[in-house]
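Visitor: Before we start, here is the structure in question, set down as structure tokens.
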Amino acid sequence: MQIRIPSNPTYRAVIVTVPLCLLVGLGVPSGTLADDLLKESVLPLGIANKAIQASLDACKKDGYRVSVSVVDRDGVLRAMERADGAGPHTVDSSRKKAYTAASLRRPTSELADLIAKVPALQALRDINGEVLMLGGGLPIEIGGEVVGGIGVGGAPGTHLDDACAQGGLDAIGAVPKVVPTK
């Protein structure tokens, strides 16, 4: 099979010009597209593990056996540890608290208080099966950006879970979310 190109000069110009424009267009730097891409800080695994260890140490010092979870900004589990003797339920509660804090970008104790005071916000509990409106979850804010969440489950009181989670934030230089009790 043979392809015949008509001898019409206009047609020949189009046949040559269109592929040439396509080739030149492919060589154009895509800086304008790259400039439109979102830039996000990522919580490194080493920092997540450091926060977890500090939280575990804070709880252990007070005799609490807990689980601690750290999630990234999207609520995806980054790291988790369960202390010896911590209840099995603490694994899920710590992860869900961390998820809730990262997703809603607020401490879970604050959210629990808010939905207790404003009944119209009760639906926040049912956003999805991962949300847990119970103290012990704190957003991890570094450099003005929420980069994840930390959750602690298993201390005998949510205010104690909060304090242990704050120990993790302190260890990594994150913005404090819990006011120390005097």
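Visitor: For the range 45-172, what Kirkwood radius comes out of the mean inverse Cα-Cα distance, in Å? Please list the in-between numbers first.
Guide: Numbers: mean 1/r = 0.0725 Å⁻¹.
About 13.8 Å, per the Kirkwood formula over Cα pairs.
Visitor: If we count other beta carbons within 10 Å of each Cβ, what is the order of THR108, THR32, THR90, fewest first?
Guide: THR32, THR90, THR108
Visitor: For SER55, SER41, what ranking results if the residue with the fewest other Cβ atoms within 10 Å of its Cβ goes first?
Guide: With the fewest neighbours first, SER55, SER41 line up as SER41, SER55.
Visitor: Additional query: Order of VAL178, VAL152 from fewest to most other C-beta atoms within 10 Å? Walk me through the intermediate numbers first.
Guide: Numbers: VAL178 20, VAL152 34.
Lowest count first: VAL178, VAL152.
Just so you know, all these numbers are worked out from the coordinates, no wet-lab data involved. Since the structure is predicted, the reported quantities are computational estimates derived from the model, not experimental observations. Neighbour counts run over all protein chains shown; Cβ positions are idealised from the backbone, glycine included.
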